[in-house]
Structure formats: structure tokens, C-alpha cells
Amino acid sequence: MRRPFCKAVATATVGACLVVGSTTPLLAQRKTLEQKVDSVLQLMTLEEKAGQLNQYTGDAVTGPAVNDPTKLEQIRSGRVGSMLNIRGAQRTRELQAEALKSRLKIPLLFGLDVIHGYQTTFPIPLGEAASWDMTAIRQSAHIAAVEAAAAGQHWTFAPMVDIARDPRWGRVMEGAGEDPYLGSQIARARVLGFQGEKIGATDAVLACAKHFAGYGAAQAGRDYHTVDLSRRLLWEVYLPPFKAALDAGAATFMNAFNELDGIPSTGNRYLQRDILKGQWKFQGFVVSDWGSIGEMVNHGFAKDNADAGRLALLAGSDMDMESRSYVNSLPALVKSGQVPEELVNDAVRRILRKKFELGLFQNPNRFSDVAREKKLVGAPEHRQIARDVARKSIVLLKNEGNVLPLDKKTKRIALIGPLGSSKLNHAGFWAVNYDSTGYVSVLEGLQNKFGKQANIQYARGCGIKGESQAGFAEAVKTAQDADVVVMAVGEAYDMSGEAKSRTDIGLPGQQEALIKAVVATGKPVVVLMMAGRPLTFNWTAEHAPAILYTWWLGSEAGNAIADVLTGDYNPAGKLPMTFPRSLGQVPIFYAAKNTGRPSSGDKDVLYKSAYIDQTNRPQYAFGHGLSYTKFTYGNLKLSTTQLGAGQSLTVSCTLTNAGKTAGEEVVQLYLRDLVASVTRPIMELKDFQKVQLKPGETKTLTFTITSDKLSFYNQDMQWTTEPGEFRLMLGSASDDIRLDSKFELLK
Ligand code: GLC
């Protein structure tokens, strides 16, 4: 048996040994992390090991709550390894002190859903994804980590990297949209933002790639519903962002509520052991989702909570969030030989490793610093960054007659709609430690921007929900008395999010009727659409001259929106998800297959893959987003049109700002493999560049197409390339291709 790395007697308390041990000669030598972990592990009883794998919620609940008055006692007796939903330096210190009363004094790990900001609230992740700005996204995650770490958090349950192609599913708001390439870039940016350069810094937290895997493909867009994916779709679309998160160093993964191919993700050995810990060699740990171990009984996959614990542990789920399966049943399961102790040891090691890397054994309270919390949480400089990220997330969907940008000398502005004065709704579903009273509403943003020289009148018009039109008359009158109308409509913050699936993704209540009534006044109308998902609003899309999709933008929503409305910031956002015209088209996404009977257009429907009552076209395509200026593309050049196997292709083009306003363009590069042994999508995003150009400026952009970008899973599920012709497209959106060419991949 390996000697403990410090002179501890068998019953010594690990905490004391580790804290004091730094003075003993033995510890003076640099001991490997593994030796430290093993030295703790070998002191642990089976019950203490099961305790390390046990996680309870604290003061708040983010799932079906279990009333358990014994939690504190369990913490003191070493039966809890982690707590979630405990906020604040002081509160985490208090609970840590309880854990240090346990025999081995193993510190608790504190986790929290810091999804898009801790106190300073950033745009919801789907909104941030619309920025296509990896620097901004990384910075947003970093600020969230700075604030959360200062408030005692060690670990965030983010980024959520589930690809989502069904806007009925409320959790689309939490991810990066429909595309695996964009989703992978964003997963990487978020992990690096949360974890910083090195785990253990007190301005960083452990990241958690979730929900592993396929959760976004829930049937009928109904949360927690069955997921049935082909292996090909799993590997081609749903796994890449997880692999990107892992390659970026994600310290933890969270599994998922859904079954996949008949097996609940939490008990899915193929996902957790074969892929994640096997093929991908993941060294971190997997936490279950809230109660997902115990829910395998509901799935009809486990006969009781103990059996669920057995199946989950065998399948590679390391930590049990709120099921109590592990803490209550693992010791007996090991003693009866149903679960090898070595697998329990492996799970414990994975968790202890992170606690050592975070420095918690040396100083259990190093993240819980009241002074640092006071200084950093909600710091003014964070608000400025939040405003910048928010501006970058806004998508200009339409701007007919250049209604936008508004003249700053506009005298009479009407703000109409139920979200005009709202603050709370800009929090989105997953804001965690926010204080929305400090948010900037759209009304305040306009007042800040236009100052006293403008007369800004607000009329609510109607509710977000509800059928009343009682406020219409006042709204119409307000519009008639104004030079320009800004409308603030959309979803309430809790209409998208977890367990917030909708069967109707139209503008709720009487909001579109209100838009109609206001547009009928003939005034120039700008519609601000706020939501956590793509909504359908065909009449508005048709008749409102200008539309900005502003998602939920967080603390600085009103100021960011005012920056864009007045052109102080030229919008550059691009949609990360397709916007359907009707729910009947869903799932609808750009990277679709051609089928054997492709329709060539709206009239070509007879014996074609089309609808007789609706076009195939979306309302707004993936990658769509306008600017206050105009960009022209030219001079497409390929380093060769005959690409040798394994070689890279260099592609260049020029981009010109042909307008009068500086602006940014996201140049998107799509490929299509025209013929292959497996049908391939009509186009796939393979690269993009976000470019800032002054008026009249031209830049030459260069892209490199490596063979990985030409690869796919063949009929034997081997990742490979096949010789043949490829179409290369460069454009401003998936339905706005500006440059087009072909090249051949040779044998
Ligand atoms: C929730 C969510 C998960 C979250 C966890 C803890 O049910 O599914 O994303 O991190 O529970 O709040």
C-alpha cells in the first residue's frame, strides 16, 4: 500500500495533514497530484467515498425539490462532496466550516448555474451566439467567472452546448443554436472564458459541458422527451461541441435527462465510458443532471433508486446531483459485489483531483473572500463589457427605407409595448444572482440616449400575455403624436428556458395585433423583438419597416438597444438559428439534405419535397443579419481547383464596405460535398471571419480548407474524406451567398 504522502497516521484528519503538512520535509518535495489524491482516497471509508459522490442543492432549487432536514448533519459526517445553489462568500464559508468538522475534513465543491453572468447579467447564450464574436463571448464568460469565483463558487454548470434545431424547446435560449461548427467555436470560447488559463486561479471556475448528450433533439421540442438519433447524426451534429469543450479543457461534464437510443444518458455507458472517458480520454468528472440518476426508475430502466445508482456508476456518472442514490446505496452495492470498488475509487479520484487543483485542500475558503466579492461582483467596468456584448448580440432583421438608425435629434418618440419599461425580463431564464432593479430598461435606454431634448412617451398597449386590447387606444394615440415609434414586444423571461416548451411560438397575447394597430397609423415603426427563442411573426415581418431581434440582453439591455437604434453601434449580429415561418416547418435548419425530389422554388411543389400550404423557405435564415452599411464581396481565388488528398486549399476574397458607415460583417464559408457514399447536406458552415471595415475600406480575407473540413462519417462510421467535387460558398448568410466556386478533391 502506498504510504500517505505526508506523515499521517491512519486515523489522521486529511484536512489537518494537508494544511499542516506543507511544513513537513516530505511535502517540501513536489508531490504528484495522483499521490495527493491517493493519499486521501486510502484514508476514506466506503461511506465517505459515497459521500464524495453526493451533491445536494442548498438555498434555492433548480429542479424538483426534496425536503431533507438532515443535509447539514450529512455534511458534517462527510456524506456530501458538493453543494449547488449556495451563493455568497459568507454563506459558502459557513457551509465549508461544517464540512471541515467531518473526520477527513474534505472540503466541499460549490457549483452554480452561472450561465450568462453572475450578478452582472450578459445576453442569454443564444443572443451571445448571434454575435459570432468569440472574443466577446469569452470575455463574457470570464467576467461571469470573476464574479462567481469572488462569491465563493468553484464551478459553473455551463456552457450548455446542446445543438438545438427545434424552437419549441425552451432551452434553445441557453445554447448556441443549430450549427455544430459555430456551436463548437462558441463552446471553446465559453470554456476558456470560464476556466481561464489555469484551473485554480481565483478569477476562474470549473466549466461544465452539458447536457451529454443529444438533449436538444427532444422529440416534439418537448423538454425531457425521448431522443432517438442515428449514430451518424449524434456524431456529426450533436457531439462536436462537446468535443470542442473537452479539447478546450472543460473540467467537468454534465449528463442529460433524456434517453438516447433507448438508454438514459445518465446510465449510458456508450456515451460516458466508451466515448467520453475512453475514446476522448476525459480526465475530469461527470455530474448527473438534477435527479437524473433516480429518474431512470421513471424511464423504466432501473427498478429502484439503488439499481439506478448501480447503473449510473457502472456507466460512468461520477457525481449524483440530488438523487441520493449514491450516498444511500453505493456502500451496499460495493459490498454485495454489484459495483466494483475500483469504479467508485475512480469517480472519487476524479472529484478529489479537481478539489486539489482548485487548492481547496490547502485553503478551503480561498474562493470565499468577502472583500473580493464586494469589490468585483457587479463592478461598473463589468457593466460596460455587458453593454458591449449586448450590442454585438442584436440582429437587424429588416430595415426598409432606412428607418434605422434614428436621428438623435428626433423630438417625439413613442415607445409602445409590454416590454418597454420592463427590467426583469432582460434577465432571461437563467440569471442567477442578479438584481434586475439595476438593469437598464428600453425606456431608460432611450432617455439616456436622447436626453431631455426628446419627448419620449411610453404606452404599454397590452400585456405580454392575455387577450385584452384595452390599452390599444392609448398606444395608437401615443404613436400618432410621435415622429417615430419604437415597439418593445416578445416573450416574458420565463417563457423560454428549462421546462418551458411551447406548442405555439407566435408572439404571445395581443402583441401582433398591437403592432398592426400601431403600423396602421403610418408612422415609422421599429419593432424590438425580445425572446429566448426564434418566434413566428409573419405579419410583422411583412409590414413593419424595421425589426431588431434583441433576445434578452441582461443588465445593460436598454443602453445597448439605444446604441443600436441610433447607430452609435452598427448592428452586426447574425442568426445562430433558423427562424421558421410556421411551426409546421419545424424542424427546419439550413444544413438540410437535398432529398431525391428537391423543390426548386415556391411553385415547384408537385411530387416534390415541399408543402402545398407553405414555402420551404424560413422567415429568416441561419446566418441572416443586416447592417447600416453595405458590404460587397469580390475576387474569389482558390489556390487550386484540383486538391490533392491530405492537402489544404487556400481561399481568398475581398470584402468592401461600400456604404457610408463603419461596420462589421461576418463572412461565412460554406461547403457542399456534391457526391459521397453518404448523402451530405446542401451546405455546411466550415469557417467564418468577423471583419470591421471603415466606409470605403477593402480587406482581403483568407481561409484555409483542411481535409478535416472535407471529412464526414462514411457508411462504416469512419471519419474520412472521399475524392470528388465540392462546392464552395462565401456569403453574408446561408441564404445570401455572394461568391461561389467548385474544386475537386483528388484520390
Ligand atoms: C437543471 C438543469 C441543469 C442545471 C441543473 C442544476 O435541471 O437541467 O442544466 O445545471 O439542474 O441547476
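Only the coordinates and a few stated rules stand behind these numbers; no lab work does. Fair warning: this is a prediction, and the values are worked out from it, not measured in the lab. Because the Cβ atoms are built from the backbone with ideal geometry, glycine has one as well, and the counts that use them run over all protein chains shown.
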Item to complete: Just report the Cα centroid separation between the range 688-734 and the range 401-438, whole Å.
Response: 37
Response to the item:
The FRET efficiency for D604 and Q642, from their Cβ-Cβ distance with R0 = 41 Å and rounded to 0.05, is 0.75
Item to complete: Return the distance in nm (one decimal) between the two label points of a simple spin-label model at T698 and A332, each offset 7 Å from Cα along Cα→Cβ.
Response: 7.8
Worksheet item: Under a point-charge model restricted to the Cβ atoms of Lys and Arg (+1) and Asp and Glu (-1), what is the dipole moment magnitude of the chain relative to its Cα centre, in debye to the nearest 20?
Response: 1380
Discussion item. Given points 7 Å out from each Cα along the Cα-Cβ axis, report the N538 to A97 separation in nanometres with one decimal.
Written reply: 6.3
Worksheet, complete the sentence: Under 13 Å by backbone N from the virtual spin label 7 Å along Cα-to-Cβ at D481, the residues of the range 451-469 are 455-460
Worksheet item: How would you classify the range 631-745 from its alpha-carbon gyration tensor, with a ≥ b ≥ c the square roots of the eigenvalues: rounded for a/c under 1.5, else prolate if a/b is greater than b/c, otherwise oblate?
Response: prolate
Worksheet entry | Restraint check, K71/K101; K49/K335; K36/K355; K409/K630; K398/K465, Cα-Cα greater than 20 Å | K409/K630; K398/K465
Practice prompt. Take each of the peptides 129-140, 327-338, 59-70, average the number of other beta-carbon atoms within 10 Å over its residues, and list them starting from the highest.
Written response: 129-140, 327-338, 59-70
Item to complete: Find the centroid of the Cα atoms in the range 559-588 and in the range 350-389, then give the distance between the two in whole Å.
Response: 33
Discussion item. Under 11 Å from a point placed 7 Å out from the Cα of H225 along the Cα-to-Cβ direction: which residues of the range 576-596 have their backbone N that close?
Written reply: 587
Response to the item:
Dividing the helical contributions, -39500 (n - 2.57) per DSSP H run of n ≥ 4, by the residues of the chain yields a 222 nm value, nearest 500 deg cm²/dmol, of -7500 deg cm²/dmol
Practice prompt. Would you kindly state how much longer the chain becomes between Q384 and D568 on full extension, computed as 0.36 nm times their sequence separation minus their alpha carbon distance, in nm to one decimal?
Written response: 64.8 nm
Worksheet, complete the sentence: Of the residues L108, Q447, L246, the Cα lying farthest along the dipole of the chain towards its positive end, which is defined by charges on the beta carbon of Lys, Arg, Asp and Glu, belongs to L108
Practice prompt. Find, among the trypsin sites (Lys or Arg not before Pro) in the range 385-429, those assigned to loop by DSSP (not H, G, I, E, B) with at most 10 other beta-carbon atoms within 10 angstrom.
Written response: K409
Item to complete: Subtract the Cα-Cα distance of N714 and D435 from 0.36 nm times their separation in residues, and report this length gain in nm to one decimal.
Response: 95.3 nm
Worksheet item: Summing +1 for each Lys or Arg and -1 for each Asp or Glu, what net charge is found among the other residues whose Cβ lies under 13 Å from the Cβ of Q692?
Response: 0
Worksheet item: What is the range 382-585 by shape, rounded, prolate or oblate, if you read a ≥ b ≥ c off the alpha carbon gyration tensor as root eigenvalues and call it rounded for a/c under 1.5, prolate for a/b larger than b/c, and oblate otherwise?
Response: rounded
Discussion item. Under a Cβ-only charge scheme (Lys and Arg +1, Asp and Glu -1), can you give me the dipole magnitude of the range 491-560 about the Cα centre, in debye to the nearest 20?
Written reply: 160
Worksheet entry | Positive-end residue, the range 631-745 charge dipole about Cα centroid, Cβ charges, pick of T704, A658, S732 | A658
Practice prompt. Find, among the GluC sites (Glu not before Pro) in the range 168-199, those assigned to loop by DSSP (not H, G, I, E, B) with at most 11 other beta-carbon atoms within 10 angstrom.
Written response: E197
Practice prompt. List, in order, the whole-Hz ³J(HN,Hα) value for each residue of the range 70-84 obtained from phi through the Karplus relation with A = 6.51, B = -1.76, C = 1.60 and θ = phi - 60°; use x for Gly and Pro.
Written response: 9, 4, 4, 5, 5, 4, 5, 9, x, 9, 9, x, 8, 10, 10
Worksheet item: To two decimal places, what compactness ratio does the chain give when its Cα radius of gyration is scaled by 2.2 N^0.38 Å?
Response: 0.99
Worksheet entry | Estimated FRET transfer efficiency (E744, D613; beta-carbon r; R0 35 Å; 0.05) | 0.30
Worksheet, complete the sentence: Cross-link reach from K411 to aspartates and glutamates, straight Cα distance under 20 Å and at least 8 residues apart if same chain, gives E444, E474, D481, D483, D563, D568
Response to the item:
Projecting the Cα atoms of H225, L206, V564 onto the charge dipole of the chain, where Lys and Arg contribute +1 and Asp and Glu -1 at Cβ, the residue farthest towards the positive end is L206
Worksheet entry | Estimated FRET transfer efficiency when R0 is 35 angstrom, pair R597-V66 (beta carbons, to 0.05) | 0.10
Fill in: Average Cα contact separation per residue, the chain, under 8 Å, 6 or more apart, as relative contact order %
13
